[in-house]
Amino acid sequence: MMQDRAQQFKELFLSEYGRMYKAAYILLGDEDEAKDAVQDVFARLWDGTTPLREESQRTFLLTCVRNRCLNIIAQRREKVRVNSEQFATAIPLAERDDEEVIADINRYVDERLTPQTGRIIKMHYNEEQSYKDISSELGISLSAVNKHIVQGLRKLRSTFKNREA
């Protein structure tokens, strides 16, 4: 019985993986995330979290992949929103149009952060580039972009938190 289920699952995987991957890649634009999305769907099928209906397997699998991709996109947007809020709270005086403080912040980014972190902070906040665009341009992963921004913001917040007033 388990052998039959494993064989059926293997056949389903081999017949549908390519189609599912293409759909995920179109939605996400990232090979690794697309592969992960498809693997997540198959993992849920295997462990029984998501039941599979025989009559509409292909449509059901593509719907599952689409939904997983939409969740990933929503998570990306939330990360960007949270990071934007972190940047705004890290440097509250920048919003008050205090040219001296803005110059101090820019100098800090240029001189005190690592060149890579400073560059990524500028690309994201000054040039308004997305994590994905930065990742592509610099040839680094999305998580590396996130790590640099989080670390840079943490240092900026720590340095400038006592300058409010």
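Readers should treat all values here as calculations from the given coordinates under stated rules, not as data from a laboratory. Given the structure is predicted, the values throughout are model-derived calculations rather than measurements. Note that we place each Cβ from the backbone using ideal geometry, even for glycine, and neighbour counts take in every protein chain shown.
Of the cross-linked pairs Lys22/Lys122; Lys35/Lys132; Lys35/Lys147; Lys132/Lys155; Lys35/Lys122, which ones have a Cα-Cα span greater than 28 Å in the structure shown?
Over 28 Å Cα-Cα: Lys22/Lys122; Lys35/Lys122.
Please give, to one decimal in nm, the separation of the simple spin-label points placed at Ile26 and Gln7, each 7 Å out from Cα toward the Cβ.
For the pair Ile26/Gln7, the computed spacing is 3.4 nm.
Quick check: pseudo-label points 7 Å beyond the Cα along Cα→Cβ at Asp133 and Arg19, how many nm apart are they?
3.6 nm
Skipping prolines and chain starts, which residues have an amide H placed within reach, meaning under 5 Å, of the one on Gln129, given they are 5 or more residues away or on another chain?
His124
Modelled label-to-label distance, Gln75 and Gln116, 7 Å Cα→beta-carbon offset: nm?
Calculated label separation equals 2.3 nm.
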